[in-house]
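Asker: Below are the structure tokens for one structure; questions will follow.
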Amino acid sequence: MPANRPRTPIRQLSVAEKVLVHLSRVRGDKESDVAPWDACQEGIAEAVGMLRSHVPRAVKELQADGFVEESKRHVKEGEKRMKVYLVTREGAARGREIESEFLSQIVPAKIDGTIVQGMSIDQLETAFHRRIDILRLTGDEEYIDIDSVTVTGVTDFTDSPKPEIFLDREEPLEQMKHFLKSRSMVLVVYGAKGMGTSSLVKHFIEMLDEWNVLWVSLPRHRSVGDIRGRIAAFSKQLGSSADMVMESVAGANSLIVMDGYFDVEEELVDLFGDLLGRRNGAKMIFTCRDSTPSYNRFYRREHLESGVVQEMTLKGLPEEDARALLRNEDIPEDAFKRIFAMSRGSPMILGMLRDGDEEGLRRNTTFTNEEIRFLLTEAKAKFADDESSSP
């Protein structure tokens, strides 16, 4: 009798989960008559590695859960309409949740011919600069074969945060896409503390398959020497020098994120100001507090007018997303309105209210103790139970 095959420790995504993860990555304009090819049955089948004839069954399950909507649209201008599938807001959130959970599982991996243990899939991707196609995993794998995965863009996310939740913001994401395609060299993203600028940028760059990305946390690296060292190490990974990556076509496919730019030393203002004369090299995104002092802003109006620098300001969440983040479906309308007005749609504040994090609210907001207790009570409020109030 043949020996039993060892059971794989890698959890398998169901077909419906794979389809939802794929569609949550697809950017489609619900107001447009033209949809991405990735949203049609053939595009879904190719991405997930399944027969086209099996797509309708998987999508039907997702439609029943309210995660996907079906419509008929053009995939290419001039061609006939066909069925396409776009995720709902709830579907996009669930798709990202499934992907995050899957990537965080600890798996065995084959590296240089040796099976090693103790790393998650996302840690393997970061450490070995590979993009593991989780939609193509069959569930029969006994390990992740890193040796056989093609190298994609170099990424260094050592400093980057791991957001607990990201609520999709289509307009800011489109602005960042436009920035990458433009001739601008710098994008500055402003937002109040807790407004989610870092989460937004992290989500955006994780969608980029072929870009080399370096993330620098400025609260951790406050000196010119630290930042130059991070850029030099990143450039070495690219097989180049810092000067070449920053100022020549060698950095044309590289993106450097400077996260947490706020109250910095003058030498850093000068460092970043000196980079504004470039026309080639790595693009840069800065996340900044909207209260950044004017003397700390390293660019001037002329840089905005010439297009070297682009600005965008991240506002609070819309009401629909704020409700979703609170996770209290039974909250009375007047209670929600008061929370929304006082929090101004801040994801950080809403998340702490959801979790009952009184200490976090004291530490990270300007609310008084009375206001904090009031908000926490409102966040847990429920509609009156009609049955219990009846005679």
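Asker: Could you go through segment 330-348 and let me know if any residue there is touching a residue at least 12 places away in the same chain (Cβ under 8 Å), of a type in the set (Asp, Glu), part of a loop (DSSP other than H, G, I, E, B) and out of contact with any helix residue (DSSP H, G or I) (no Cβ under 9 Å at 6 or more places or on another chain). Walk me through how you get there before you give the answer.
Answerer: Initially, segment 330-348 is screened for residues touching a residue at least 12 places away in the same chain (Cβ under 8 Å), giving 330-332, 335-336, 338-340, 342-348.
Right, trim to of a type in the set (Asp, Glu) and you get 330.
Checking which are part of a loop (DSSP other than H, G, I, E, B) leaves us with 330.
Add one more test, that the residue is out of contact with any helix residue (DSSP H, G or I) (no Cβ under 9 Å at 6 or more places or on another chain), and what stays is 330.
Checking segment 330-348: at least one residue is touching a residue at least 12 places away in the same chain (Cβ under 8 Å), of a type in the set (Asp, Glu), part of a loop (DSSP other than H, G, I, E, B) and out of contact with any helix residue (DSSP H, G or I) (no Cβ under 9 Å at 6 or more places or on another chain).
Asker: Among the candidates SER217, SER235, which residue alone is within 21 Å of VAL309 (Cα to Cα), among the small types (Gly, Ala, Ser) and modelled with pLDDT of 85 or more? Please lay out each step first, then the result.
Answerer: Values: SER235 fails: within 21 Å of VAL309 (Cα to Cα).
Answer to the selection: SER217.
Asker: Related question: Within segment 273-308, can you find the residues that are under 19 Å from VAL201 (Cα atoms) and crowded, with 19+ Cβ neighbours inside 10 Å?
Answerer: Passing the criteria: ALA282, LYS283, MET284, ILE285, PHE286, THR287, CYS288.
Asker: Of all the helices (runs of 4 or more DSSP H) wholly in segment 51-150, which have at least 3 residues that are in contact with a helix residue (DSSP H, G or I) (Cβ under 7 Å, 6 or more places away or on another chain) and modelled with pLDDT of 90 or more? Working first, answer last.
Answerer: On the way: elements: 55-64, 89-103, 121-128.
So the answer is 55-64, 89-103.
Asker: I need a count of the residues in segment 298-308 that are more than 26 Å from the chain's Cα centre (by Cα) and in contact (Cβ under 8 Å) with a residue 12 or more places away in the chain.
Answerer: Summing the residues that are more than 26 Å from the chain's Cα centre (by Cα) and in contact (Cβ under 8 Å) with a residue 12 or more places away in the chain in segment 298-308 gives 3.
The values are calculated or read from the model by the stated rules, or taken from the named source; none is laboratory data. Please read these numbers as outputs of a predicted model, since none were measured by experiment. Note: ideal-geometry Cβ built from the backbone for every residue, glycine included; neighbour counts use all protein chains shown.
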